[in-house]
Amino acid sequence: MLPQVEELIKLQAIDNEILEIKTLRARLQTEERDLFAGLDELQSEVARLQAELGDAGKVIQDLQVVLADGQEKIVKAEKRLLEVHTVKEQNAVTKERETAKQANREAQERIRELENGNVQLQAEKTEKEQAIAEIQERAGARSAEIAPQIAQFDQQLEEKQQSRAVLLDKLPAPLRRRYEQLIELRNGSAVVAARACACTGCHMRLPPQFFNSLYHSTELNSCPHCNRILYLDASEPAKKS
């Protein structure tokens, strides 16, 4: 086997390891991201419920002011009823009193509705806050496990990239460019074995004469179908003379 082919096989092995590490790392990152799925939505819901509770509280305060004013009108009207001298005056003051009482009854009913609604809103808010706490606790624990694994993958990637750079530097510039182009074009697979008269990269059959030439070839060979750099698999039986 040509020395350059041996270097290319080593380089491809490192690139395979880099790809595997990146895949595992990305899987962990996706898992970590999914751990917090729904958290933003829950937090938005809690904020909305809190705003509704606040708005209802302000309305209740305003209605309580209305109640106080209405009660004052009722008291004044009842005092005036003791001082009226004509039926007409009595009817007018009585109407004022009854109007104030009706307004107060409506205000009280509205306050009860708002308070009952607030109980439901608060219960819903508490439920969502508990869900948030559970997600944060569960996700936080798993994130604490994932973080060192990602850090380990980062370290492994750095080491593999350094080894890759060393091997690349050993290749002639044209071959280095060719390898890098194949890596990009063939989804990270530039150097593959020829086995059982087929390319293990694209799985296409190789011409028998071409496959046989690999046994004694003294130059780099490429798959005629996918252009990947080919080498004869070590498991292939020796060619009979």
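Tell me the residue from Tyr215, Tyr231 that is assigned to a strand (DSSP E or B), more than 39 Å from the chain's Cα centre (by Cα) and hydroxyl-bearing (Ser, Thr, Tyr), please.
Just a single option satisfies the conditions, and that option is Tyr231.
The single condition among (1) touching a residue at least 60 places away in the same chain (Cβ under 8 Å); (2) closer than 30 Å to Glu20 by Cβ that Gln122 does not satisfy is (2).
No other residue among Ala56, Ala77, Ala68 is farther than 23 Å from Ala131 by Cβ, surrounded by 13 or more Cβ atoms within 10 Å (Cβ to Cβ) and of a type outside the set (Lys, Arg) apart from Ala77. Out of Glu124, Glu137, Glu115, Glu109, which single residue is touching a Leu at 6+ places or on another chain (Cβ under 9 Å), of a type in the set (D, E, K, R), in a helix (DSSP H, G or I) and within 30 Å of Gln50 (Cα to Cα)? Of Glu124, Glu137, Glu115, Glu109, the one residue that is touching a Leu at 6+ places or on another chain (Cβ under 9 Å), of a type in the set (D, E, K, R), in a helix (DSSP H, G or I) and within 30 Å of Gln50 (Cα to Cα) is Glu124.
All of (1) within 30 Å of Arg25 (Cα to Cα); (2) touching a residue at least 40 places away in the same chain (Cβ under 8 Å); (3) exposed (fewer than 12 other Cβ atoms within 10 Å of the Cβ) hold for Glu184 with one exception: (2).
Residues of the stretch 73-87 that are acidic (Asp, Glu) and more than 19 Å from Asn104 (Cα to Cα): Glu83 alone.
Restricting the first member to the stretch 6-33 and to residues that are touching a residue at least 40 places away in the same chain (Cβ under 8 Å) and surrounded by 13 or more Cβ atoms within 10 Å (Cβ to Cβ), and the second to residues that are basic (Lys, Arg) and assigned to a helix (DSSP H, G or I), the beta-carbon pairs closer than 6 Å and six or more apart or on different chains are Glu7/Lys170; Ile14/Lys160; Ile14/Arg164; Glu17/Lys160; Ile18/Lys160.
When you check Arg205 against the structure, is it more than 30 Å from Leu35 (Cα to Cα), among the basic types (Lys, Arg) and surrounded by 14 or more Cβ atoms within 10 Å (Cβ to Cβ), yes or no? No. Considering (1) exposed (fewer than 13 other Cβ atoms within 10 Å of the Cβ); (2) modelled with pLDDT under 95; (3) within 30 Å of Gly140 (Cα to Cα), the lone condition that Thr126 does not fulfil carries the number (2).
Inspect the stretch 62-72 for any residue being over 57 Å from the mean Cα position of the chain (by Cα), free of Cβ contacts under 8 Å to residues at least 40 places away in the same chain and in a helix (DSSP H, G or I) and give the result as yes or no. Within the stretch 62-72 (the criterion being over 57 Å from the mean Cα position of the chain (by Cα), free of Cβ contacts under 8 Å to residues at least 40 places away in the same chain and in a helix (DSSP H, G or I)), the answer is yes, since at least one residue qualifies.
The rows are residues; the columns are (1) of a type in the set (Lys, Arg); (2) under 14 Å from Gln12 (Cα atoms); (3) surrounded by 12 or more Cβ atoms within 10 Å (Cβ to Cβ).
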residue: Gln149; (1), (2), (3): no, no, yes
residue: Leu157; (1), (2), (3): no, no, yes
residue: Glu180; (1), (2), (3): no, yes, yes
residue: Phe211; (1), (2), (3): no, no, yes
residue: Cys223; (1), (2), (3): no, no, yes
residue: Ala234; (1), (2), (3): no, no, no
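Of the listed requirements (1) surrounded by 12 or more Cβ atoms within 10 Å (Cβ to Cβ); (2) modelled with pLDDT of 95 or more, Ala51 misses just one: (1). Residues that are assigned to a helix (DSSP H, G or I) and without any contact (Cβ under 8 Å) to a residue 60 or more places away in the chain within the stretch 34-51 comprise Asp34, Asp40, Glu41, Ser44, Ala47, Arg48, Ala51, listed in sequence order.
The values are calculated or read from the model by the stated rules, or taken from the named source; none is laboratory data. Bear in mind that the values here come from a model prediction, so they are computed numbers and not experimental data. Quick reminder, even Gly has a Cβ in these numbers, built from the backbone with ideal geometry, and neighbours come from all protein chains shown.
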